[in-house]
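The values are calculated or read from the model by the stated rules, or taken from the named source; none is laboratory data. Not measured: the values here are computed from a predicted model. Cβ placement follows ideal geometry from the backbone for every residue including glycine, while neighbour counts extend to all protein chains displayed. We work out accessible area using only protein heavy atoms, side chains counted, and drop any ligands, DNA or RNA first. Shrake-Rupley method; radii C 1.70, N 1.55, O 1.52, S 1.80 Å.
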Amino acid sequence: MSRNIIVTGASGSMGAEAVRALALAGNHVLMACRNIDKADAVRKSILSEIPEASIDLEKLDLSSIDSVKSFCSSIEGMKVDALFNNAGIINREYRLTSDGFENTLATNYLGPYCLTRMLLPMMPDGARIVNMVSLTCRFGKVDRDFFNKGKESFRQLGTYSDTKLALLLFSIALSRKERRIHVNVSDPGIVNSNMLSMGRWFDRLADIFFRPFCSSPEKGVSPALKALSSDCDLNYFVGKTHFPVKERYLSHPMADWLWNETEKLLHL
């Protein structure tokens, strides 16, 4: 049965693979992307392979709350059977968005949070939400200064890890509050994509010695595709397997605080 599925970051390597696989399975896919030109090129490439594919495109910049709201307004009335929060970034330097949030925090956590919350009324019972997390969650930290960290606290990988942990904690809270919807998380592992480029001198060495052992984008997105069709709740999909989210995350002491503070911050 055809479903309406939204994929964020759909012009990236894993996002494009997700769109291709979902469209090939007969679903209607809505590509939600910041770079419309790049996304349109991906869309046309997929349509050249699968002429019968049903793929639409809408602009969405997750670092901007106004963009998230505009996106949701543009698809008002659409039935959303599944949402794949795939988009994510690793910023090299500290910079603020137009809303005054650190860019990694906005793109990896606040944007997906706001988008998901605003789409819930469009989602029928049994709909699926899959949030792309990371193996770095185990190194992340969420404390009462989470939203107030300045330039001196910014760490390229550390900040990324913190935001992915926050997305995992959001997934847990959302699943508990919205039991009519299947909420799961997916971990792509280490994928051969542009996100591996940290903008550092050792990137060239990594290209030579490390990239050949990384998973392909197709392999990296495979767990998420399984999650999008699963009736599980709060499972962690990685590689060829999945298992319930671990207790250390389920009982995280900051989970309720994070939900409440984010709701207030975004005026939801």
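Quick rundown of the values:
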{"read-out": "Filter pass, L168 being assigned to a helix (DSSP H, G or I) and touching a Cys at 6+ places or on another chain (Cβ under 6 Å)", "value": "yes"}
{"read-out": "Qualifying residue in segment 93-106 (condition: assigned to a helix (DSSP H, G or I), within 15 Å of L265 (Cα to Cα) and open to solvent by less than 10 Å² (accessible area, probe 1.4 Å))", "value": "yes"}
{"read-out": "Qualifying positions in segment 159-198 - among the polar types (S, T, N, Q) and modelled with pLDDT under 95", "value": "N192, S193, N194, S197"}
{"read-out": "Among residues of segment 130-148, those that are out of contact with any helix residue (DSSP H, G or I) (no Cβ under 6 Å at 6 or more places or on another chain), part of a loop (DSSP other than H, G, I, E, B) and open to solvent by less than 30 Å² (accessible area, probe 1.4 Å), counted", "value": "1"}
{"read-out": "Set D56, D37: member being open to solvent by 50 Å² or more (accessible area, probe 1.4 Å), in a strand (DSSP E or B), farther than 18 Å from A224 by Cβ and out of contact with any Asp or Glu (no Cβ under 9 Å at 6 or more places or on another chain)", "value": "D56"}
{"read-out": "Residue match in segment 64-75 (condition: in contact with a Ser or Thr (Cβ under 7 Å, 6 or more places away or on another chain), under 20 Å from T262 (Cβ atoms) and free of Cβ contacts under 8 Å to residues at least 40 places away in the same chain)", "value": "no"}
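Residue-wise test of (1) outside any loop (DSSP other than H, G, I, E, B); (2) touching a residue at least 40 places away in the same chain (Cβ under 8 Å); (3) open to solvent by 40 Å² or more (accessible area, probe 1.4 Å); (4) out of contact with any Ser or Thr (no Cβ under 7 Å at 6 or more places or on another chain).
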residue	(1), (2), (3), (4)
V221	yes, yes, no, yes
A224	yes, yes, no, no
A227	yes, yes, no, no
S230	no, yes, no, yes
R248	yes, no, yes, yes
N260	yes, no, yes, yes
